[in-house]
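Below is one structure; the comments refer to it alone.
Each value in this text was obtained by applying a stated rule to the coordinates, not by laboratory testing. Predicted model, so just to flag it, every value in this text is computed and none were measured. Cβ sites come from the backbone with ideal geometry, for glycine too, and all protein chains shown count toward neighbours.
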Amino acid sequence: MVAKNTVCLWYEGDAEDAASFYAKTFPDSAVTAAHPAPGDYPSGKEGDVITVEFTVMGIPCIGLNGGPVFKHNEAFSFQVATEDQAETDRYWNAIVGNGGEASVCGWCKDKWGISWQITPRVLTEAITHPDRAAAKRAFNAMMGMTRIDVAAIEAALKG
């Protein structure tokens, strides 16, 4: 049964591959169903997988094999809160190392064009710190990073 509120992500025929990657990369993630199309459609034929039900870290999603008409962009992203540098590196390397691309300030894209923010909790705590000068130092440090460096954020916070 589909959840009442589900994120629908558009793919160009490879929703199953994306869902499988997410399921093996992130905890509390799984592929739960793949549904064949009951008839031909603009980017596929009857019997092709048209939708894939999956979860990403507990968030219910549907992958729609809708074709090349609509592209993903940074207006939608998954934000993953990490506990330490090792977890940050693991997710970052999984996404970027699987055909994705690095961006700035902890952002990267997977090979399907979905944007991810790999955000150590220490960064979120630092840039919302009540000492606004410390928060600004941490923020400025982040602005010069691609993958977030936890030690550098902690050092900036301390001054």
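Couple of notes before you dig in:
- The HN-Hα couplings worked out from phi for the range 143-159 by the Karplus form 6.51 cos²θ - 1.76 cosθ + 1.60 (θ = phi - 60°) are 4, x, 9, 9, 6, 6, 9, 4, 4, 5, 5, 4, 5, 5, 4, 6, x Hz, whole numbers, x standing for Gly and Pro.
- For the chain, the longest principal axis of the alpha carbon atoms and the long axis of helix 15-25 meet at an angle near 40°.
- Cα gyration tensor shape for the range 1-75, rounded if a/c is under 1.5, else prolate or oblate: prolate
- Simple Cβ-charge dipole of the range 13-159, Lys/Arg +1 and Asp/Glu -1, about Cα centre, in debye nearest 20: 600 debye
- Considering only Thr128, Tyr91, Ser77, and ranking their Cα positions along the charge dipole of the chain that arises from unit charges at the beta-carbon of Lys, Arg, Asp and Glu, the one farthest toward the positive end is Thr128.
- The chain - mean residue ellipticity at 222 nm from DSSP helices (-39,500 (n - 2.57) per run, n ≥ 4, rounded to 500): -9500 deg cm²/dmol
- Computed 3J(HN,Hα) for the range 64-80, one whole-Hz value per residue from the Karplus formula 6.51 cos²θ - 1.76 cosθ + 1.60 where θ = phi - 60°, is 10, 7, x, x, x, 5, 10, 10, 6, 8, 5, 5, 10, 8, 9, 10, 10, glycine and proline marked x.
- Long-range Cα-Cα pairs in the chain (distance over 19 Å), rounded percent: 58 percent
- In a simple Cβ point-charge model (Lys, Arg +1; Asp, Glu -1; nothing else charged), the range 51-126 has a dipole of about 280 debye relative to its Cα centre.
- Principal-axis tilt of helix 85-97 within the chain, Cα atoms, nearest 10 degrees: 40 degrees
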